[in-house]
1. Taking segment B:244-267 only, how many residues are at positive phi and within 36 Å of the chain's Cα centre (by Cα)?
2. Please find, among A:V98, A:V103, the residue that is modelled with pLDDT of 95 or more and within 12 Å of chain B (Cβ to nearest Cβ).
3. How about segment B:645-758: which helices (runs of 4 or more DSSP H) wholly inside it have at least 2 residues that are under 28 Å from B:S381 (Cα atoms)?
4. Might you let me know whether segment B:351-358 holds any residue that is in contact with a Leu (Cβ under 6 Å, 6 or more places away or on another chain) and under 23 Å from B:L755 (Cβ atoms)?
5. Could you give me the residue pairs with C-beta distances under 7 Å whose first residue belongs to segment B:235-256 and is hydroxyl-bearing (S, T, Y), whose second residue is surrounded by 15 or more Cβ atoms within 10 Å (Cβ to Cβ) wherever it lies, and which are 6+ apart or on separate chains?
6. For segment B:314-333, give me each residue that is part of a strand (DSSP E or B) and either among the hydroxyl-bearing types (S, T, Y) or under 18 Å from the mean Cα position of the chain (by Cα) (or both).
7. Enumerate the helices (runs of 4 or more DSSP H) found wholly within segment B:486-605, keeping only those where 1 or more residues are touching a Ser or Thr at 6+ places or on another chain (Cβ under 7 Å), more than 13 Å from chain A (Cβ to nearest Cβ) and surrounded by fewer than 19 Cβ atoms within 10 Å (Cβ to Cβ).
8. Go through segment B:664-686 and give me each residue that's farther than 26 Å from B:D548 by Cβ and surrounded by fewer than 24 Cβ atoms within 10 Å (Cβ to Cβ).
Amino acid sequence: MSWTTVCKFTDLVADTGVCALHEGQQVAIFLEKSEQKVYAISNHDPIGKANVLSRGLIADVKGVFTVASPLYKQHFVLATGECLEEPEHSVKAFEVRVQDGEVQLANS
Amino acid sequence: MATKQKIIVVGNGMVGHKFIDNLIHHPDYENFEVVTFSEEPRLAYDRVGLSYYFAGKTADDLMLTSGDYYDEHGVRFIVKDKVITIDKAAKTITTASGRVESYDKLVLATGSFPFVPPIPGKDQDHCLVYRTIEDLEAITASSKVSKTGVVVGGGLLGLEAANALTNLGVDTHVVEFAPRLMAVQLDEGGGTLLRNKIENLGVGVHTEKNTKEIVAGETSRYRMNFADGSFLETDMILFSAGIRPQDELARQFDLEIGERGGIVVNDSCQTSDENIYAIGECALWQGRIFGLVAPGYTMAKVAVSHLTGGDEEFKGADMSTKLKLLGIDVASIGDCHGRTEGSLSYTYSDDKAEVYKRLVVSPDNKKIIGAVLVGDVEAYSTMLPMMLEGMDIPGSPEAMILPTTEGAPALGVDALPDSAMICSCHDVTKGDLVEAIQGGCHELGDLKSCTKAGTGCGGCAAMVGQVLNNELGKLGIEVNTDLCEHFEYSRKELFDIVRSKDINTFDELIESHGTGRGCEICKPTIGSMLATKNNEYVLTDDNISLQDTNDIFLGNMQRDGTYSVVPRIAGGEIKPEQLIVLGEIGRDFNLYTKITGGQRIDFFGAQLHELPVIWERLVNAGFETGQAYGKSLRTVKSCVGSTWCRYGMLDSVSMAVNLELRYKGLRSPHKFKMGVSGCTRECAEAQGKDIGVIATDKGWNLYVCGNGGMKPRHADLFASDLDDETLIKYIDRVVMFYCHTADRLQRTSVWMDNLEGGVEYLKEVVIDDKLNIGASLEADMQKVIDTYECEWKATINNPERLKRFAHFINSDATDDNLAYVELRGQEKGRIMTDDERERAAKGEEIIVTEV
């Protein structure tokens, strides 16, 4: 598997997200603070139909880390992209890793 | 019924209207036709609340009904026409204008008129009475040319009139025939304390004075000569020496009249003619006139019941009262003089706190039969139902009047029977409340709007809250006030924790008092609380992840993911050069531009990466963030006031600018707005704001907890005729108390509706400082004011933070999901359709089309 660096780990602010352009797609990348783990899902909110998920707030829903859409607050699981309220509107999750201080997304 | 029964109601006062309203809501209303006559130029208004007229309420505010309402229900109404004859045999009436109407049943609700003692000289120009809106207009006019004023009569109405005169800025005196004030309702101890308190307010009190004549004065317009040889000079005289039933019509047309006036009625409120009823203050039942509105309402109910075949009877009424006179709390219950044979009484008096309480109990020491409360009337709401329901006093009687100490027996509402009257303004019993609670009203605000309890004078608001809590407890319904799954505390409890333990980060709080990692509910709530407490920059590493959609980028996210930009325009005041700058920025960034309801300018359609550039230009031109994105002070709307307006009393723009600059930046449970009007015409719509300020000729009137929006609420009058300093002190306290105690996302209007004790309680906290927190509320506010910084200015000077204002972290490209359409000459953003997105992905240019 090949990887593309999208930013430095230090560019991320704990418990918030950023958006990266990867292979023509908008990818929301989050750094969860307690586990210091990085997640990546699609930036497109399929319910609000806008590219905004990276700007959402990280929410712990019964122990599962999600992002609450900044538009209408549906929760998308960071690890899988699943939408908890409307599973038919789940989004794609991307493979992401931190290598040598760099945040990398898997190429397709 | 084949034909409708025709009912004529003579008099459209509070009781006459209540009768009509009860009939309208009766299931058999369709069988009735109603006509009502009013001698006054308007339909029924709140005569009990008449004194609010001096506090800025208009005649319209006081209206209890409207022509539209009567039209809607088929009630015919004729104002300014007096019924002058009754033909009992033909069952017709005739009016002053010659109109003749027939009736099946006639209802006399003619009320009463003020008693003016037959003193020579009583009919002069500035000798007035206090009964109708027209009277108040005359009093206001007279006060403008008078320095001193005398109220004849030291009873309840007299003191209300005295209050009105002092509000009008007249040097006020009260002249009373009896040896003490409120002789009917108060005993000697209570009367003496009340007198002291009133004299301390600068009102002269003259008891045991029998006015012999009113003659021309030497230093003032009139001189009142008293029987004891003394005299008093005054420019105006208000007679408020009691009421007399308006029974002239009944008297002329041979209905039975009491010896000292009043239309005699039986238990069904029928007069000596079975087709004629009399209700309210004109009616005499078992030799008594009832000069309060509640018994009048009961009579209205009884008459409707009798007309519709029901069997309700009037059984007399309790004349207990609780009211605030000249700012002094006074209450009187039952046999307050202890005239009952063998009764015992307990007295508590505290000269320092200016409190007097007397409890009269039955000879067996078990039941309350009367009480006098001056200065502290909290016990009224417990004592009254206990007396009315004949309940045994729990524990020892003296405990009921002694100051509350730890371990004093709690006098629970649980002990009250369902029949106990809780809200006498709206005739709501405990049973009615219990039924509503069982039917699903589990919040105080819901319960109040559903039953109307506590929405009249508000005196029972605390009691309503107690009934609610008690019933919810019994139903086993635990009111879950937990903030969210991570905190088993309400917002208020968390705020107390944060303040008392000086907690300054979310992590600290969740580790010590919560579980898990937090969510979109608790994070912004706690972020806001910390901002209220510390007023730190909201985008620090610790704070940034707590900020919701808007705050995290200091803009209001719109449906397409773009933002709106709103600079502060304090008080709506703006220089032409600043307007030009705004125009240039809107043009240069192609922003859809609109004037907001809060007198400022909103730019729409700014993309994330454009925000810092736009704000840099704004900040450089001297603008600050308007915080339109925050749960914080939005705008202080103003009218031009005395700077330009012909009617302006005070400089409302300067006050609005001061208030906006003072409270800008304060983060609060929800957004809040203010308004300042320069006169009672109220062009700034201040009474629809969380904090409303209206200029009078003597200072500022402060209104609190109003709202426009989805559920409009008129703000409550909180204090009158304040100077600038006191006004600001009160606003500091009210707003900070709201910040400390409201629920998350709770506007002040809902906060107030759910506040146990309502606006009276808030006054006790803010004006009387009963919780002893006034100084700390002010200090907390001062800290926020002293640490204000424009958060956009802070952000454009912070390169690390600015990195986040890009759509992509790894590309200068922008969001390709946005299309624009032209709207009345401006571009309005919208999200691309699926088709457009596909074409855009193929590299096609998306043409903007008209909608």
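1. Kept after step one, since they are at positive phi, are these residues of segment B:244-267: B:254, B:261-262.
Add one more test, that the residue is within 36 Å of the chain's Cα centre (by Cα), and what stays is B:262.
The qualifying residues number 1.
2. Numbers: A:V98 fails: within 12 Å of chain B (Cβ to nearest Cβ).
Exactly one of A:V98, A:V103 is modelled with pLDDT of 95 or more and within 12 Å of chain B (Cβ to nearest Cβ), namely A:V103.
3. Values: elements: B:652-663, B:724-741, B:748-754.
The helices (runs of 4 or more DSSP H) meeting that bar are B:724-741, B:748-754.
4. Taking segment B:351-358 as the starting set, the residues that turn out to be in contact with a Leu (Cβ under 6 Å, 6 or more places away or on another chain) are B:356-357.
After this cut, where a residue has to be under 23 Å from B:L755 (Cβ atoms) as well, the list is none.
Taking every residue of segment B:351-358 in turn, none turns out to be in contact with a Leu (Cβ under 6 Å, 6 or more places away or on another chain) and under 23 Å from B:L755 (Cβ atoms).
5. Partner pairs satisfying both residue conditions: B:S240/B:P114; B:S240/B:Y130; B:S240/B:V151; B:S240/B:V152; B:S240/B:G153; B:S240/B:L157; B:S240/B:G158; B:S240/B:A161.
6. In the first step, residues of segment B:314-333 are kept if they are part of a strand (DSSP E or B); the result is B:321-325, B:328-333.
Listed by number, the residues that qualify are B:T321, B:K322, B:L323, B:K324, B:L325, B:D329, B:S332.
7. Details: elements: B:491-500, B:506-513, B:522-534, B:541-544, B:576-588.
The helices (runs of 4 or more DSSP H) meeting that bar are B:491-500.
8. Of the residues in segment B:664-686, the ones farther than 26 Å from B:D548 by Cβ are B:675-686.
B:C679, B:T680, B:R681, B:E682, B:C683, B:E685, listed by residue number.
The values are calculated or read from the model by the stated rules, or taken from the named source; none is laboratory data. What you are looking at is a predicted structure, and each value in this text was computed from that prediction instead of being measured. Cβ: placed from backbone, ideal geometry, glycine included. Neighbour counts: every protein chain shown.
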